[in-house]
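The values are calculated or read from the model by the stated rules, or taken from the named source; none is laboratory data. On a predicted model such as this, the values are computed, not experimentally measured, just so you know. All Cβ positions, glycine included, derive from the backbone under ideal geometry; neighbour counts span all protein chains shown. Accessible surface areas use protein heavy atoms only, side chains included; no ligands, DNA or RNA. Shrake-Rupley method; radii C 1.70, N 1.55, O 1.52, S 1.80 Å.
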Amino acid sequence: AAMVKETIRVYARVKPLGRRQQAGSYSVDNEEPLPSLEITVPRDLADGFINNKRESYKFKFQKIFDQEAKQDVIFDSIAKPVAECVLAGYNGTIFAYGQTGSGKTFTITGGAERYSDRGIIPRTLSYIFDQLQKDSSKVYTTHVSYLEIYNECGYDLLDPRHEASRMEDLPKVTIMEDSDQNIHLKNLSLQQATNEEEALNLLFLGDTNRMIAETPMNQASSRSHCIFTIHISSKEPGSATIRRSKLHLVDLAGSERVAKTGIGGHLLTEAKYINLSLHYLEQVIIALAEKNRSHIPYRNSMMTSVLRDSLGGNCMTTMISTLAMDKRNIDESISTCRFAQRVALIKNEAVLNEEIDPRLMIVQLKKEIQDLKDELALVTGKQRTSELSQEELLQLDELIETFLKDNDPDSSLDVGADMRKIKYCFVHLKQIINRPMTLGKKLLSQDISEEKYSNEELEKLKGLLQQRDNEISLWTNNDDCCLKKISLIYLTDILVTMLKKEKKKAQDALSQLNASSASSTVLELSPSMSLEESQSPSRCSSLKEAKDFSSSLPRLPLLSRATGGKMSLGCQEAFEVFKRDHADSITIEDNKQLLKQRFDEAKCLGEKLNEVRNKINHLKGKIIQRQIQRAALAVSNPSEELTFDPVEENLRMQIEEEKKSYKTVYSHFKGLKVEIEHLQLLMEKVKIKLQKDFEVWWSEKAKKLQ
């Protein structure tokens, strides 16, 4: 398999400054070969920080994206090359690392406001399905999974059976390791996605589950790692080789060092775990960067176990460092950059993931066996079955018996060039040797001398065997069947000689056998194999329309949890007031306006499409009419040759033009449809967030009143 060796690619992205933030001082130099980012620590911060002599730090990156960089540029520069490799059969990983609020989720998933704010995951899904549609040479299947790791526990965000209202309700995912040290995630569902729409619906389902599972105490999104994985397998029709690749898109927990003071017990354990899991990630990276380290501590945390291949393994890996460059966060940004410099030293070896599908292999081999059987039937003139018939077996038994009774040293046992018969004879003779007592009386009626082998005789027998071996090896150049026949004849020869020598032993044993057989019981071994039923990846029902989807989102009694039971009148009024002043309401209103606009546009385009379709049909009708007229003319006037018809040609040209415009309008229409679906899902998301914020606010107010 082809192998690509390269270090992990490391990029930096600077988050735009907020309104009230003071700008930190930094400069970006995007000159090749290695762009650099220089951060200057302001004098007033330098005191008592890191070491107060140094005031400027320089870090090298593959590329640095400054505050004004747009989402599409980020996708084209960072994610697209990785997606291309994944389509070609390599594994890929993109992970975002940085402190909370530095733009990780925005970069990986995207913002909830505008369609143009879509992040790497939705754009990658779009790109991948687009490419798969264009490539008809292979059959592709795609699945997605979405895993959240929080306090060293894994949770499946795509579980279709659960309507989660707390993170604990989600299915727990555990890690299993097989004998080849491959990691398997138990309980993580793989959902099939046949197109972009289904995949996006799954992404939104996961995001919503993640959002709902955040308790008011813990805004888990900043404290948990999330891994969205796209699994692609492809094969060419008729081939047994399958290519499997996966793309992990990872949103890590915030990397800030959580202050230990003044934090409640719950947060303390959480802070410990987050710092630990990122600390282990750091340890793995330090170990990988050291030249002669043999042990890499992958097993220390769930996160590093899952990303084992991505770090120093079979994977094309890319890291995005997200940086908040305001004065207050300069020190965190510097530690993020330092981490990135270490990551940039790691070398990965990505291998093309190809394997043979055993089921297809079996089908091919069965076909080959059948072909060979047919060929054999042609040569021998007999149809072969895998089993010998009852008649043939009886015939063989007779042959063997006759052969054993025959005193002539030159007699032979000839069963023809049939491996099944030869095998049967060997087995049968073996049985006779192993229990000579039962057949002793019948077969060995002749007188046989009772002496044991003398050494001389043994030597003689060995010599005889050697001689036969030599004779056989002379024959080996000859036909295979011949060889088998001869070896069978010689073997039976030797066996008979031994049988004759063993008569005394046989008779002694016979009397003992009769005594013991009465008491012996037959043991039957029943192979009890419990087959663990491997569950096939549960398919998520394809949620066809975004509208159906939004209604199928887990609508939880979010508010009732805070108030216990139904929402009281006062609570409802408060919710209305809260909604009015909340920033998200403005987003919802804006989106409503935008949606209305897009719906109108789509309606207009739909009408246009119908119009063009009707035009095309009308033109087709005209062509048919014209052809009928000309055919009639030819019948009534056979002497005239049918020549090229400019009118028909003109009509055809018009149809071509209309088809072109139909295609343009349709692709525009399709784009609108995706955008409308996206907007609807975004609105749904914002609404849930609004309810959650109210819930937090209401419970706080209630507490104060109490």
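See the values below:
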quantity: Calculated FRET value between D581 and N617, using beta carbons and R₀ = 51 Å, to 0.05; calculated: 0.40
quantity: Cross-link pairs K596/K622; K104/K592; K373/K430; K70/K138 - those with Cα-Cα distance over 32 Å; calculated: K596/K622; K70/K138
quantity: E6 - accessible surface, heavy atoms, 1.4 Å probe, Å² rounded to 10; calculated: 50 Å²
quantity: Linear extension gain, I588 paired with A377, 0.36 nm per residue minus alpha-carbon span; calculated: 68.3 nm
quantity: Compactness of the stretch 134-189, expressed as Rg and Dmax over alpha-carbon positions, Å; calculated: 15.0, 45
quantity: Derived scalar couplings ³J(HN,Hα) [the stretch 621-627; Karplus, 6.51 cos²θ - 1.76 cosθ + 1.60; whole Hz; x for Gly, Pro]; calculated: x, 4, 4, 4, 4, 4, 5
quantity: Distance between modelled label sites at D600 and T402, nm, 7 Å Cα→Cβ extension; calculated: 10.2 nm
quantity: Area accessible to solvent at I688, 1.4 Å probe radius, in Å²; calculated: 10 Å²
quantity: Share of carbon and sulfur in the accessible heavy-atom surface of the stretch 366-422 [1.4 Å probe, %]; calculated: 53 percent
quantity: Unsatisfied cross-links (Cα-Cα over 32 Å) in the set K172/K701; K63/K235; K15/K692; K235/K687; K5/K673; K603/K685; calculated: K172/K701; K63/K235; K235/K687; K5/K673
quantity: FRET efficiency, S77 to K5 (Cβ-Cβ, R0 25 Å, nearest 0.05); calculated: 0.70
quantity: Rg/Rg_globular for the stretch 334-433, with Rg_globular taken as 2.2 N^0.38 Å and Rg from C-alpha atoms; calculated: 2.34
quantity: Label-point separation, Q181 to I369 (7 Å along Cα→Cβ), nm; calculated: 3.8 nm
quantity: Projected label distance in nm at N610 and D410, using a 7 Å step from Cα toward the beta-carbon; calculated: 10.1 nm
quantity: Accessible area (Å², 1.4 Å probe, nearest 10) - L429; calculated: 10 Å²
quantity: Alpha carbon Rg of the stretch 363-414, scaled by the compact-globule rule 2.2 N^0.38 Å; calculated: 1.66
quantity: log10 of Debye I(q)/I(0), alpha-carbon scatterers only, for the stretch 641-706 at 0.14 Å⁻¹; calculated: -0.70
quantity: Alpha-carbon centroids, the stretch 1-23 and the stretch 290-323: separation in whole Å; calculated: 17 Å
quantity: P(r) tail fraction, the stretch 90-169 - alpha-carbon pairs more than 17 Å apart, %; calculated: 65 percent
quantity: 37 °C / 0.692 mPa s Stokes-Einstein diffusion coefficient of the stretch 3-134, Kirkwood radius on C-alpha pairs, µm²/s; calculated: 193 µm²/s
